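I have placed the structure first, in the form of structure tokens, so that the comments after it can refer back to it.
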Number of protein chains: 2
Amino acid sequence: MADVVERLTDKLTDSEGPGTRRRRGRRPSGEDTRAALLAAALEVFGEQGFDSATVRGIATRAGVDAAMVNHWFGGKRGLFLAAIQAPFDPTALIDAAISGDPDTVAERIIRVFVTAWDTHRSRFRALMRNIAGNDSAAATMRDFVFNAVIRRVTDTIGVDRAELRTSLCASQLIGLGMARYVLDLEPLMSADIETVVAMIAPTLQRYLTADITSAG
Amino acid sequence: MADVVERLTDKLTDSEGPGTRRRRGRRPSGEDTRAALLAAALEVFGEQGFDSATVRGIATRAGVDAAMVNHWFGGKRGLFLAAIQAPFDPTALIDAAISGDPDTVAERIIRVFVTAWDTHRSRFRALMRNIAGNDSAAATMRDFVFNAVIRRVTDTIGVDRAELRTSLCASQLIGLGMARYVLDLEPLMSADIETVVAMIAPTLQRYLTADITSAG
DNA sequence: GTACCATTTCAATAGGCGTTGAAAATCTTC
DNA sequence: GAAGATTTTCAACGCCTATTGAAATGGTAC
């Protein structure tokens, strides 16, 4: 009898500390479990990549049971897709950057990239981690970069060796993303956007327009 | 009785097909299990990264039991460390590249990088995969890049904003490595070394010596 | 040739993973 | 306020993981 009372009062009087076990059943309205899971997923996938991240770990960070991942997203993969789903259309941004004065196209491209990545840091971080750790994801990303970016640029700017040029641009942008968002390499990580644009735009412009003389 | 004979002949007459079960005990000398494990580990870690790669998978590719990983390397982590252990001293290469005519230092740096990565493709691929999927590995790599590369360069070349300049160089080299070795982005993946040097060396040279006018 | 040692496979261990179903608790609707 | 639907936790499942110890086998030294 005393045992039952003790356990009951334990449950009822426990404050909301980190080790506290939640009561079962539907939570009071106002707490959005789905949103909490999405936010936690973005963080954890960004830190660890898809494979290393665990459903249990994400749920714990969200302060929620792991079974909620299945209830709201149908599973781990569904949660990942929902978390990285871009809230904007990248192709529109790319089109806007490409059209316009060809002499300053590099500046627009790098500005679009850094602005987008700075705003959705965790999202792109999660994408990068997933790409680097997963062969099929890398292939998907490579095909996207090639068709949605490289081909578009080469169609617009009429130069020789178009694919070599744009893959060089891609390498600089990927490296910038790795250094600034994944490796947190200072001072590049904290440099303001205009400094980054001023330093890297000439590189892209050269890759796009310079004469290529050596064989290859 | 017939059963026993059948099973015996099975074991004795089975050719060395893929599904064949090996006999126990010490193998005939000449086959180097340790080396086979190292080679397989380099491949699999390069393809999947440390966490996703499995001891069983590596052992299977090496044609050996998973327990051999513990016997020879003490465990999964030991095998990884043994596999990525560089057979050359990177600091010596970096020193050699940095010393010499400052006007062509960029050319030497990029040549050393591409030559080394081309030769040890799987090794660097494994490193990259591990970095991208693991926070502490990323921190280790960042500190190495900073202390062994950036600080060395800034000490040798006397310019302002030395750390920003060298982190920009690092971003281009990292991006080149990702594109050429991890993402397999054509035509950069297959471009010959001299083409890569000719295209990227001016970028590094500019990052190292150009005037930086904008604020940051 | 026999005892010993190094090498290898097999079987079993404990632990983590994603996922599932039932029970509990709240909200909504009538 | 009672009935039903929705949300949540708990407990358990099956699977896969790295690791370990015992048994088996080939080589080696005497």
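Here, each number is a calculation from the coordinates, and none is a lab measurement. All values derive from a computational prediction rather than experimental measurement. Don't worry about glycine lacking a Cβ; one is built from the backbone with ideal geometry, like all the others, and counts go over all protein chains shown.
Summary of computed values
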{"quantity": "By average C-beta atoms within 10 angstrom, highest first, the peptides B:42-49, A:185-192, A:170-177", "calculated": "A:170-177, B:42-49, A:185-192"}
{"quantity": "Teacher prompt: A:G74 distances to equivalent labels in other copies, 7 Å Cα→Cβ, nm", "calculated": "4.7"}
{"quantity": "Residue order, fewest to most beta carbons within 10 Å, for B:L38, A:L37", "calculated": "B:L38, A:L37"}
{"quantity": "Order of B:I157, A:I131 under a 10 Å beta carbon neighbour criterion, fewest first", "calculated": "B:I157, A:I131"}
{"quantity": "Partner chain coverage, peptide B:187-195 - average Cβ within 10 angstrom", "calculated": "4"}
{"quantity": "Local net charge near A:I212, Cβ-Cβ under 9 Å (Lys/Arg +1, Asp/Glu -1)", "calculated": "0"}
{"quantity": "Highest to lowest packing among A:69-76, A:96-103, scored as the average C-beta count within 10 Å", "calculated": "A:69-76, A:96-103"}
{"quantity": "Karplus-derived 3J(HN,Hα), 6.51/-1.76/1.60, for each residue of region B:177-186, Hz, glycine and proline x", "calculated": "x, 4, 5, 7, 10, 9, 7, 6, 7, 7"}
{"quantity": "For B:P187, inter-copy label distances in nm, listed shortest first [label point 7 Å out on the Cα-Cβ vector]", "calculated": "3.9"}
{"quantity": "7 Å along Cα→Cβ, label-point gaps from B:E163 to other copies, nm, shortest first", "calculated": "4.2"}
{"quantity": "Net charge of Cβ neighbours under 12 Å - reference B:F124; Lys, Arg +1; Asp, Glu -1", "calculated": "+4"}
{"quantity": "Electrostatic dipole magnitude of region B:72-122 [Cβ: Lys, Arg +1; Asp, Glu -1; Cα centre; debye, to 20]", "calculated": "460 debye"}
